[in-house]
Amino acid sequence: MYKRTDLIIINFNYDDAEHRLNLMEKTWDRSRDLVIFDELHKMKNWKSYRSLAEDLQCSDKTVKRWLTVLETLYVVFKVPPFHRNISRSLLKAPKYFYDTGQVPDEPGMKLENLVACTLLKEIHFREDCLGEKWGFYYLKNKDGREIDFFITKQEKPALMIEVKWSDAERSPNFSFFEKYLAGVNKIQIVKYLKREKTYPDGTEIRTAQNWLSEISLE
């Protein structure tokens, strides 16, 4: 097999301040044969195909291909948007979650990633051992309203989950999406919470450690 030895390569590491500035200002040399991006998941917009493609000045298809490789290697997994019967059509860009140790050092993001990994593990267990059919999504519309996680069972709405670091007040987004998903269970998971409570409509506000230790999807 013929191997090229004349490749002109440039490497960017997001942890390096100068490299990070070049990435943000899009000032790297486009004439290079190969551009390597390291620690790119720490970029602010790394979860969106479109925003990541714009930042790197490449096509959406290229970004999708890169992320597909990471999925194949079990570095990331995706949580797609649920888009059936929701007004103003949901945005299509999926979220990606790394292993918790790879997430940028921001407590809220790490907690959300931990919950995502726990949900995925529980869903895989129920599918493999109990033969149940589960769906794992998030909710978001064009107005920016969002629910972190949305779970379906047998293709029917089962659970909406919001993840908060310290906000004990019921998320207003529950009420918005409940108009289209009536009767679905609602849980808000909070890391720092003085007292757990349940609202009249059934919305539960639970501490993260308690809910994760006895996880229930129904």
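Bear in mind that the values in this text are calculations on the coordinates, not laboratory data. Computed from a predicted model, the values in this text were never measured in an experiment. As a convention, Cβ positions derive from the backbone with ideal geometry for all residues, glycine included, and neighbour counts pool all protein chains shown.
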Determine the sum of side-chain charges near V190: Lys and Arg each +1, Asp and Glu each -1, restricted to other residues whose C-beta is under 14 angstrom from that of V190.
-> +1
Does the range 75-218 come out rounded, prolate or oblate, given a ≥ b ≥ c as the square roots of the eigenvalues of its C-alpha gyration tensor, rounded meaning a/c under 1.5 and, failing that, prolate meaning a/b above b/c?
-> rounded
If R0 = 30 Å, then E54 and T100, at their Cβ-Cβ distance, give a FRET efficiency to the nearest 0.05 of 0.65
Roughly speaking, what is the centre-to-centre gap between the range 101-149 and the range 155-218 when only Cα atoms are used, to the nearest Å?
-> 13
Could you list, in their original order, any pairs among K142/K194; K121/K164; K61/K153; K61/K164; K142/K179; K156/K197 whose Cα atoms are separated by more than 28 Å?
-> K142/K194; K61/K153; K61/K164
